[in-house]
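Engineer: Can you read through this structure? Questions will come right after.
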């Protein structure tokens, strides 16, 4: 058995595990049919995988010297280890609130592949353990729907894998995204926006009304034209009567 997978990234550690149904066993690991190493305990770790570690691996076991009966096994089934392509870039990850249900959030994992074929996506939690997975899709973008109540203020990562022959090439893990508590749904934000617009309009109307009221108070009352004409005629008539009928002079 090989971990983390048969197709590994450069620099990853490869763990080869051999198993036998007997105690007091010694294992031999082979690479490309050549004896690589004898180990008393499994697993065997190959650190910092590179080009020299690519190849076909097998195991065999035998009883340790001094133990009876002596047992010698055949070769195990071969496991081929490959390095995945260097142009397999990490995906981007983001999140949005679920408009239909504010108890959930949507985590979006976007692969840089334009035309993917049979891609699988993986969502990792803060410990980088797989939280959810979406397998064998022909999309470069998937959405993981998780509960916001249980997963707020936590980090999440994602990666994707594409099939190459019989193996899967897994991308590097994305940068983390932190899920914060969602205080407002989209509907509530729309309601708040409409309320703010209404308040602004009401304030504008009140200001205009107050300005009009001030202008009305400051101006003197206007006399209607007919009344102004009547007043002017009355003053003229009174002056003419005084001129025509002067007061008699007093005689002593």
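Read the figures in this text as sums done on the coordinates, not as results from a lab. Note that the structure is a prediction, hence the values are computed from the model and not measured. Cβ coordinates were reconstructed from backbone atoms using ideal geometry, including for glycine residues, and neighbour counts include every protein chain displayed.
Engineer: On a full-extension model of 0.36 nm per residue, what is the gain between residue 71 and residue 145, subtracting their alpha-carbon distance, rounded to one decimal in nm?
Structural biologist: So the extension gain works out to 21.3 nm.
Engineer: Quote to one decimal, in nm, the extra length available between residue 86 and residue 125 on full extension: 0.36 nm per residue of separation minus the C-alpha distance between them.
Structural biologist: My answer for the length gained is 11.5 nm.
Engineer: In the stretch 57-88, whose amide N lies under 15 Å from the spot 7 Å out along Cα-to-Cβ of residue 37? List them in ranges.
Structural biologist: Counting only backbone N, you get 57-60.
Engineer: What ranking of 204, 27, 124 emerges when the number of other C-beta atoms within 10 Å of each C-beta is taken as an exposure proxy, fewest first?
Structural biologist: Least to most surrounded, the residues fall as 204, 124, 27.
Engineer: Also, I was wondering about something else. How much length is gained if the chain between residue 94 and residue 199 is pulled fully straight, taking 0.36 nm per residue apart and subtracting their Cα-Cα distance, in nm to one decimal?
Structural biologist: Stretched out fully, the residue 94 to residue 199 stretch lengthens by 34.4 nm.
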